[in-house]
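Trainee: Here it is, the structure in full.
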Amino acid sequence: MQWVVSAYTVTFAAFILSAGAAGDRLGARRLFAGGFVLFTAASAACAAAPTAGVLIAARAVQGVGAAVLVALFGALIAGSSLVSGAGLALVVSVIALVGAGIAAIRLPA
């Protein structure tokens with residue numbers, strides 16, 4: 001069970017900086033879309049995993065997709081013409097608070 005969590009965390013941490021650099025070189029919007037497809041496909045693979053090994057591999061791929069999404073989200077919001085200045089700070093703050101609130105919910109075991 002520990003490897004299911006660790007596979008995601010390790011690949012996420014390993015690829016987040018590389019994903020940001022790749023977004024600068026290849027285009028944030030295109031790479032973000034690819035990361036979304038990768039994360040979604042890996043999530044489907046996790047749901048359909050017949051063995052623990054397949055689940056661990058799918059979680060590792062999911063970590064790569066998540067790293068791309070997290071690394072490029074800020075760049076896409078900052079580059080948006082819809083939000084700038086104080087509005088950008090408000091959008092990022094609200095998203096962070098909602099994410100922290102969702103993460104703080106603890107479901108009974």
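Trainee: Per residue and in cubic angstrom, what volume does the convex hull of the Cα atoms of the range 2-79 have? If you can, show how the numbers build up before the last one.
Mentor: Numbers: hull volume 5.5 nm³, N = 78.
For the range 2-79, the hull spanned by Cα atoms encloses 71 Å³ per residue.
Trainee: Ranked highest first by average number of other Cβ atoms within 10 Å, how do 7-16, 41-50 line up?
Mentor: The peptides rank, most packed first, as 7-16, 41-50.
Every number here is computed from the coordinates shown, using simple stated rules; none is lab data. Bear in mind the structure is a predicted one, so any value in this text is a computation, not a measurement. Neighbour counts run over all protein chains shown; Cβ positions are idealised from the backbone, glycine included.
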